[in-house]
1. When the dipole is taken about the Cα centre of the chain, and only Lys, Arg (+1) and Asp, Glu (-1) are charged at their Cβ, what size is it in debye, to the nearest 20?
2. In terms of the Cα gyration tensor, with a ≥ b ≥ c the square roots of its eigenvalues, is the range 73-165 rounded because a/c is under 1.5, prolate because a/b exceeds b/c, or oblate?
3. So which residue, out of 89, 203, 57, gets the largest mean-square fluctuation from a GNM of the chain using Cα contacts under 10 Å as springs?
4. Tabulate in residue order the Karplus-calculated ³J(HN,Hα) for the range 110-118, using 6.51 cos²θ - 1.76 cosθ + 1.60 with θ = phi - 60°, rounded to whole Hz; enter x for Gly and Pro.
5. Given +1 on the Cβ of Lys and Arg, -1 on the Cβ of Asp and Glu, and no further charges, what dipole in debye does the range 23-69 carry about its Cα centre, rounded to the nearest 20?
6. What does the C-alpha gyration tensor say about the overall shape of the range 1-100? Classify as rounded when a/c is under 1.5, otherwise prolate if a/b is larger than b/c, or oblate.
7. Can you compute 3J(HN,Hα) from phi for each residue in the range 196-213, using the Karplus curve 6.51 cos²θ - 1.76 cosθ + 1.60 with θ = phi - 60°, rounded to whole Hz and x for Gly and Pro?
8. Going by average Cβ density within 10 Å per residue, which order do the peptides 152-164, 104-116, 23-35 take, highest to lowest?
Amino acid sequence: MKKLEELYSGKAKSVYATDDADRYILQFRDDTSAFDGKKIEKLARKGMVNNVFNAFVMKRLEEAGIPTHFDKLLSPQEALVKKLEMMPVECVVRNIAAGSICRRLGITEGIDLEPPTFELFLKNDELGDPMINEYHIASFGWGEAQHIERSRELSFAVNDVLKPMFLEAGMLLVDFKLEFGLYRGEVVLGDEFTPDGCRVWDVETREKLDKDRFRQNLGGVIESYELVGRRLGIDFDEATAVREGVDS
Ligand code: TMP
Ligand code: ASP
């Protein structure tokens, strides 16, 4: 596998072309961003931790029958993924009220949402990722109705796999954000699933173990990400020993 030119550099990951027209290399950098890029810092080990964390979760989702773009880990900070045509839409599932829903609807943080709720946001930092609905997506051509419907179905399927998995490991999966794209006409989970894009609380103490530690300056950000991973059974040392043939 040959790593070719950088195609896109996001706030925390970069995307590279490869000599396979159907594959990209995702590079997880140490950069951490919040509030649509208004707060940015480099945190040591973050790229490795998120890459390995993402690989673990994506594999679990694949095993449960959810199509993802993940192929394999290539190195501590790189993964090989299928090349998707991404929809500029963020799908959020919430099991417990936290973050923007509390501000928007005047709800107290920590209330159980039963059944879990689902929201759509436009991926646009300049506009602050505004909330949108299916009609906006249709009118502005951000995605086809059937693909959004499928994204919602898959988002709840992801919740059905991950919520019990986190609970068994002593954690509450409060909410998470997913991004989907098309691969050969099929809706497939893309982007990442890491503590950067979800909220996770300790089930006993309700201590925040996710990116809210960075947003709220609580400290111990990467230590917390690693703790979440270790509780789920991830061995970061073993995973970082991987180095598959990538020629730059
Ligand atoms: P919110 O409470 O800010 O709307 O976020 C809900 C969840 O989605 C939370 O776990 C953070 C995640 N999220 C992102 O990862 N990126 C984003 O751009 C947004 C809007 C949310
Ligand atoms: N993911 C967005 C950002 O990096 C929003 C956030 O996480 O606060 O800016």
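1. On the way: 34 positive and 46 negative charges, 88 e Å.
I would put it at about 420 debye.
2. Working: a/c = 1.59, a/b = 1.16, b/c = 1.37.
Oblate, since a/c reaches 1.5 and b/c is not below a/b.
3. So, out of 89, 203, 57, the one fluctuating most is 203.
4. The phi angles translate into x, 6, 5, 9, 10, x, x, 10, 9 Hz.
5. So the dipole magnitude of the range 23-69 works out to roughly 120 debye.
6. Working: a/c = 1.58, a/b = 1.20, b/c = 1.32.
It is oblate, given that a/c is not under 1.5 and a/b is not larger than b/c.
7. 6, x, 8, 10, 9, 10, 5, 5, 7, 8, 6, 4, 7, 10, 10, 5, 4, 4
8. On the way: 152-164: 16.9, 104-116: 10.9, 23-35: 19.0.
Per-residue mean Cβ counts within 10 Å order the peptides as 23-35, 152-164, 104-116.
Rule-based calculations on the coordinates, nothing more; no lab input. Fair warning: this is a prediction, and the values are worked out from it, not measured in the lab. All Cβ positions, even for glycine, are placed from backbone atoms using ideal geometry, and neighbour counts span all protein chains on display.
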